[in-house]
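Everything below concerns the one structure shown next.
The values are calculated or read from the model by the stated rules, or taken from the named source; none is laboratory data. Given the structure is predicted, the values throughout are model-derived calculations rather than measurements. Here the Cβ is made from the backbone with ideal geometry for all residues, glycine too, and neighbour counts use every protein chain on show. The protein model used for the area step is the full one, side chains on, heavy atoms only, and it has no ligands, DNA or RNA in it. Shrake-Rupley method; radii C 1.70, N 1.55, O 1.52, S 1.80 Å.
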Amino acid sequence: MTHVHPTRDDAVVTALSEVVGGPMGDHARPHRWWTPARVLLLLTAVVFAAGLVQKAPCSLAQGHDQNWVYSHMCYTDLKPLYVPRGMAEHAWPYSDDDQTRARYQVMEYPVGISYWAWGTAWVTHWLNGSPDVAARYKAPVSDLYGDPEVNDEENLFLLVNAVGFAALALLATWLLAGANRSRPWDAAAFALSPALLLTGLINWDLLAVALVAGALWAWSRDKPVLTGVLIGLGTAAKLYPLFLLGGLLVICLRQRRVGRFALAALWAVVAWVVANAPAYLSGPDQWKVFWSFNAERKADLGSLWLLVDQAGDLGISAHTVNVWSWVLFGAWCLGVFAIGMTAGRRGPVAMVPRLAQLGYLIVVGFLLVNKVYSPQYVLWLLPLAALARPRWRDQIVWQASEVFYFCTVWWYLGGYLAPAGGGDAGFYWVGIVVRVLGELYLAAVIVRDLYRPAHDPAALERVEPGVAVEPRPLRIGG
């Protein structure tokens, strides 16, 4: 199969290629072993290794000097949660044992992440010589924080997860490279992402990211059952993969193949139920913690709600944020539905939106009105953005805004944005606004592509039933 080469397709890459001799020639032949997928996997490995180096200072730091952690921007949730969530004793996260629950907080994450954390804690214990967990259980939890063996395990736990996250990142790259067989290089926006480098190790979000990449791959291969299963499993790790079903609904309505949507949705529900069953059956009250925790959470870091709350000193309640965020998100989804149903109908051939395009628009709407935007949430958008708008100019603009926010959130938490001892929130608000504008910019370009497909660099994967679309000639820019 002939691949679209980025040096002949993307203006930014074309300009950069002059350093090594210019765009790929008409008679150039690809390397026999270095296929696009293998090159992309190597690039992902290098970027992720650099991310591990970026987080290394926080692993080497002595004590718990939080300002030091924020100044180096190397914070990760993994180490701080190892003891207080019971992983030092390898406690089942959904245990209803009264003593266990009295000692530890319940994992406030969906079941997929809790299972992963529990499994990697087991691997950590095994690699550390299977320590005497019973002896730890007899001691107060406060004693574990100063235990040298437990401190070593925290670093080992981070490394075990880092290896797993690296595997997930590589898998996501491979899946994205195969989602559009003629354009494997589109996955480079994911593989070379500075957001992946900076945020990949903060939390367990890459688990859901890999499953979303898998869903995009499965849908591109006309596998609605597998697509549904992967969306269901992704929803069991993070809520946002569920929103891909909205994109599938629009596509299937446009193609008049609603049965495919019903099949995908059914298997998404089945996969989610199966994934949640062990947790719910072993500890229903603990299983509900994720839902209650998020319902009771007030406006938090990174959200526009926090900006409004702080700027107006309003003291907005969690209930108010919950109601209005869902109302606004519902209105946003109706807008995306209208765009998806009307876009691409002009011209001799009706063009159906791609799942990545609709998926990005829906998920970014959720993030814009959500009550919290943790730094690693940018990972949610990465696989969708890479395939929705495979142009380096637009990727750089968007990801630059995310990197700017990444810096400001740590400066804010560390108290470095307080000039002469004054207030520091205003500088952080700038970071929030810049991030939001970057996300809206990419959303606007994607909407433009939907209504004017000639600007869309990627070949549309399907049109109305029975109509084929001829591949467009390569074009620079757009």
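Specify the residue that is nearest to LEU437 (Cα to Cα); the eligible residues are those in region 281-321 that are aromatic (Phe, Trp, Tyr) and in contact (Cβ under 8 Å) with a residue 12 or more places away in the chain.
Just the residues of region 281-321 that are aromatic (Phe, Trp, Tyr), to begin with: 287, 290-291, 293, 305.
Imposing the further condition that a residue be in contact (Cβ under 8 Å) with a residue 12 or more places away in the chain reduces the set to 287, 290, 293, 305.
On the way: TRP287: 36, PHE290: 30, PHE293: 29, TRP305: 15 Å.
Of everything passing the filter in region 281-321, TRP305 is nearest to LEU437 (Cα to Cα).
Kindly provide the set of residues from region 78-104 that are under 14 Å from TRP118 (Cβ atoms) and of a type in the set (Val, Ile, Thr), ordered by number. Residue satisfying the conditions is THR100 alone. For region 247-274, taking the residues that are surrounded by fewer than 16 Cβ atoms within 10 Å (Cβ to Cβ) and charged (D, E, K, R), the one that is nearest to the chain's Cα centre (by Cα) is identified as ARG257. Taking the conditions exactly as written (closer than 30 Å to TRP411 by Cβ, open to solvent by 20 Å² or more (accessible area, probe 1.4 Å) and touching a residue at least 60 places away in the same chain (Cβ under 8 Å)), does SER59 satisfy them or not? It is true that SER59 is closer than 30 Å to TRP411 by Cβ, open to solvent by 20 Å² or more (accessible area, probe 1.4 Å) and touching a residue at least 60 places away in the same chain (Cβ under 8 Å). In region 363-452, counting only helices (runs of 4 or more DSSP H) that sit wholly within it, the ones holding 2 or more residues that are surrounded by fewer than 23 Cβ atoms within 10 Å (Cβ to Cβ) span 392-413, 425-451.
Do we have any residue at all in region 181-200 that's without any contact (Cβ under 8 Å) to a residue 24 or more places away in the chain and not in a loop (DSSP other than H, G, I, E, B)? Break it down into steps so the answer makes sense when it comes.
In the first step, residues of region 181-200 are kept if they are without any contact (Cβ under 8 Å) to a residue 24 or more places away in the chain; the result is none.
No, there is no match, as no residue in region 181-200 is without any contact (Cβ under 8 Å) to a residue 24 or more places away in the chain and not in a loop (DSSP other than H, G, I, E, B).
On the given criteria, is ASP300 outside any loop (DSSP other than H, G, I, E, B) and more than 30 Å from VAL352 (Cβ to Cβ)? In short, no. The residues listed here are LEU281, LEU266; of these, the one that is under 20 Å from LEU230 (Cβ atoms) and assigned to a helix (DSSP H, G or I) is LEU266. Tallying residues that are over 16 Å from the mean Cα position of the chain (by Cα) and within 18 Å of ARG448 (Cβ to Cβ) within region 386-400 yields 8. In a residue-by-residue description of region 331-348, the property of being out of contact with any helix residue (DSSP H, G or I) (no Cβ under 7 Å at 6 or more places or on another chain) and open to solvent by less than 10 Å² (accessible area, probe 1.4 Å) applies to no position. Output yes when any residue across region 194-214 is open to solvent by 40 Å² or more (accessible area, probe 1.4 Å) and either within 23 Å of ALA279 (Cβ to Cβ) or more than 15 Å from the chain's Cα centre (by Cα) (or both), and no when none is. Within region 194-214, none of the residues are open to solvent by 40 Å² or more (accessible area, probe 1.4 Å) and either within 23 Å of ALA279 (Cβ to Cβ) or more than 15 Å from the chain's Cα centre (by Cα) (or both).
This table checks each residue for (1) open to solvent by 20 Å² or more (accessible area, probe 1.4 Å); (2) on the phi > 0 side of the Ramachandran plot; (3) touching a helix residue (DSSP H, G or I) at 6+ places or on another chain (Cβ under 6 Å).
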{"residue": "TYR75", "(1), (2), (3)": "yes, no, yes"}
{"residue": "PRO84", "(1), (2), (3)": "yes, no, no"}
{"residue": "GLU89", "(1), (2), (3)": "no, no, yes"}
{"residue": "TRP92", "(1), (2), (3)": "yes, no, no"}
{"residue": "ASP96", "(1), (2), (3)": "yes, no, no"}
{"residue": "ARG101", "(1), (2), (3)": "yes, no, no"}
{"residue": "MET107", "(1), (2), (3)": "no, no, yes"}
{"residue": "THR120", "(1), (2), (3)": "no, no, yes"}
